[in-house]
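Each reported figure results from applying straightforward, stated rules to the coordinates on display, with no laboratory input. These numbers come from a predicted model, not from an experiment. FYI the Cβ positions are ideal-geometry reconstructions off the backbone, even for glycines, and counts take in every protein chain you see.
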Amino acid sequence: MRLSRYFLPILKETPKEAEIVSHRLMLRAGMVRQQSAGIYSWLPLGLRVLRKIERIVEEEQARAGAVQLLMPTIQPADLWRESGRYDAYGKEMLRITDRHERDMLFGPTNEEMITDIFRSSVRSYKDLPLNLYHIQWKFRDEVRPRFGVMRGREFLMKDAYSFDIDKESARHAYNRMFVSYLRTFERMGLQAIPMKADTGPIGGDMSHEFIILASTGESEVFLDKALLDLDTPAADTDFFADLSPIVEAWTTPYAATDEMHDETAFGAIAEDRRVSARGIEVGHIFYFGTKYSDAMNAKVATSEGTEVPVHMGSYGIGVSRLLGALIEAHHDDDGIIWPASVAPFHVGLVNLKAGDALTDGACEDLYAKLEAAGIEVLYDDTDGRAGAKFATMDLIGLPFQVVGGPRGLKDGLFEVKDRATGEKEMLSPEATLNKLVAALTA
RNA sequence: CGGGGUAUAGCGCAGCCUGGUAGCGCAUCUGGUUUGGGACCAGAGGGUCGCAAGUUCGAAUCUUGCUGCCCCGACCA
């Protein structure tokens with residue numbers, strides 16, 4: 001992509017409404033624009049990251065056996081009257097009346113609707129297990145939206161719903177999502193720790209929040225250092241084998257958010273392994289049994305021919321929130337530092353003297369070769385000044401910057417800078433291409 | 001929903017106390033000089049001063065009401 005034809009509205013100054021670093025950087029880097037409290041337009045750069053995150057989520061959901069569909073944002077109130085939540089939900093639910101005076105709502109979640117889809121089509125245990133998910137915009141009319149996209153009213157969420165014949169099968173479904181989440185966040189360059197969450201009226205041990213560690217995180221968390229050294233399950237993990245050893249390995253060491261914190265249990269850990277840090281919740285999984293299948297009459301036939309309500313679980317990932325969480329975890333004073341897997345572009349190619357035959361020729365040539373190699377390049381072909389170009393590249397945080405200027409190119413060399421480490425080296429076009437291909441194409 | 005702020009050009013701000021018809025920096029446009037870490041000079045365009053009443057000869061400025069947005073708390077993906 002040529003910067004001269006792109007839309008990248010950089011801000012030199014920080015809009016005063018932005019308090020936390022991710023919000024500031026997202027506004028300054030031209031990723032989002034606030035339209036109302038907690039409601040954002042996604043500008044091209046931000047949208048690219050959102051799509052990268054979605055793609056990773058989709059790949060890992062597929063690996064774990066979840067099947068994607070898409071439900072609407074607007075739902076009929078009647079479904080929610082069936083479950084009893086239409087009255088229970090409160091003012092966080094945005095209620096809408098259509099032209100026929102029918103009660104509608106902008107969905108804050110989709111348990112009712114997915115249960116409706118399920119019950120209309122699935123009748124037999126032979127169709128189970130089933131896990132259906134979608135990635136869709138939700139709306140919760142928070143009293144106080146804040147922290148930019150981390151606490152928006154409108155937000156993009158992946159929500160999966162599992163259906164099983166009994167609680168034991170539901171546990172397997174739960175474990176599949178558990179393992180899938182470990183992989184999903186790891187691929188985004190995030191260290192996510194599963195922490196036991198409040199199970200409410202359902203009880204049991206099947207509810208976990210996935211918390212990423214970031215020094216600017218919203219809540220305090222406590223954990224055993226052992227968790228930081230665990231290996232993420234491999235891509236070839238058999239999700240339909242017994243996953244409980246993996247889940248056990250990740251749930252045995254102590255880890256808790258401040259609301260679930262047990263000072264005594266934490267104190268029992270060896271002192272040098274106690275970690276207290278700050279975290280951001282990016283995922284939440286839980287089993288809720290037959291709560292909705294009972295209320296909405298979603299039954300399946302067992303092998304004995306009897307009918308039982310289906311056991312369900314739901315599994316959320318805050319996709320738009322992850323943008324903020326990623327930046328909280330990966331930035332410095334100059335701007336964002338994107339992990340390559342979610343970076344809006346892989347490489348920022350800077351032509352320091354646009355219009356000059358030498359730099360134009362060398363940059364155009366490298367640009368074409370990088371793109372041909374499957375590397376996503378933002379090519380700054382504008383005639384701005386060097387300092388401003390460097391500052392912009394540092395701000396938007398692409399993993400690599402390649403600088404083509406008259407000084408280096410008279411010797412045939414580009415300067416390649418690693419955004420994360422700040423390391424720079426002068427390389428020939430061939431060496432530049434090889435280095436970037438090696439670093440960015442797995 | 002309680003508490004506290006704030007609203008003046010695209011962004012960041014001053015002006016308000018003590019009413020006299022709006023200004024600064026950045027950004028934008030034009031011309032010139034520059035050119036490897038957010039250049040310089042000269043000129044130009046751009047504002048219903050959040051909205052509505054009121055006081056006054058006169059309101060960005062004083063009064064009242066409303067609204068938007070932000071922060072702290074309670075709540076939450």
Choose one answer from A:Phe163, A:Phe239, A:Phe210: the residue with the largest mean-square fluctuation in a GNM of chain A with alpha-carbon springs under 10 Å. A:Phe239
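Please compute, over every Cα-Cα pair in chain A, the percentage with a separation greater than 36 angstrom. Before the final figure, lay out each step's value.
Working: 34932 of 97461 pairs.
So the portion of pairs separated by more than 36 Å is 36 percent.
Write down the percent of antiparallel bridges among all DSSP beta bridges whose residues are both part of chain A, to the nearest 5. Working shown, then result.
Values: 70 of 83 bridges.
Here the antiparallel bridges make up roughly 85 percent for chain A.
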Between A:Ser219 and residues 5 or more places away or on another chain, which pairs have amide H atoms under 5 Å apart, with H built 1.01 Å from N, and which residues are they? A:Gly279
Give the Kirkwood hydrodynamic radius (Å, one decimal) of segment A:345-440, defined as one over the mean of 1/r across all pairs of different Cα atoms. 12.9
Given H placed on each backbone N at 1.01 Å, which residues far from A:His331 in sequence or on other chains put an amide H within less than 5 Å of it? A:Ile337
Classify segment A:338-382 from the C-alpha gyration tensor, please: rounded if a/c falls under 1.5, else prolate or oblate depending on whether a/b exceeds b/c. oblate
Using θ = phi - 60° and the Karplus form 6.51 cos²θ - 1.76 cosθ + 1.60, what ³J(HN,Hα) does each residue of segment A:126-140 get, whole Hz, x for Gly and Pro? 5, 8, 10, x, 9, 9, 10, 9, 9, 10, 9, 6, 10, 9, 10
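Looking at segment A:1-76, what % of the alpha carbon pairs are farther apart than 13 Å? Spell out each step's value before the answer.
Values: 2142 of 2850 pairs.
Roughly 75 percent, once rounded to a whole number.
Which pairs, out of A:Lys52/A:Lys225; A:Lys353/A:Lys389; A:Lys369/A:Lys435; A:Lys353/A:Lys435; A:Lys167/A:Lys196, put more than 21 Å between their alpha-carbon atoms?
A:Lys52/A:Lys225; A:Lys353/A:Lys435
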Based on the alpha carbons, how large is the Rg to Rh ratio for segment A:285-398 when Rh follows Kirkwood? 1.38
Going Cα to Cα from A:Lys12, which aspartates and glutamates come in below 12 Å? Please leave out same-chain ones fewer than 8 positions away. A:Asp334
Rounded to the nearest 500 deg cm²/dmol, what is the calculated helix-only ellipticity per residue at 222 nm for chain A, with -39500 (n - 2.57) per DSSP H run of length n ≥ 4? -9500 deg cm²/dmol
Alpha-carbon centroids, segment A:226-273 and segment A:348-403: separation in whole Å: 44
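Under the classification rounded if a/c is under 1.5, otherwise prolate if a/b is larger than b/c and oblate if not, where does segment A:128-248 fall, given a ≥ b ≥ c as square roots of the Cα gyration tensor eigenvalues? If you can, show how the numbers build up before the last one.
Numbers: a/c = 1.66, a/b = 1.23, b/c = 1.36.
Judged from the Cα gyration tensor, segment A:128-248 comes out oblate (a/c at least 1.5, b/c at or above a/b).
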For peptides A:390-400, A:40-50, A:70-80, A:95-105, sequence by mean Cβ density within 10 Å, most packed first: A:390-400, A:40-50, A:70-80, A:95-105
Just the number, please: percent antiparallel of the DSSP beta bridges in segment A:345-440, rounded to the nearest 5. 45
Spatially proximal aspartates and glutamates relative to A:Lys299 (Cα-Cα < 13 Å; intrachain offsets below 8 disregarded): A:Asp116, A:Asp127, A:Asp164, A:Asp166, A:Glu307
Mind listing the long-range amide H neighbours of A:Ile96? Cut-off is under 5 Å, sequence gap 5 or more, other chains count too, H placed in the peptide plane at 1.01 Å from N. A:Met104, A:Leu105, A:Phe106
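For segment A:389-436, what mean projected area does the convex hull of the alpha carbons give, in nm²?
Details: hull surface 12.9 nm².
Result: a mean projected hull area of 3.2 nm².
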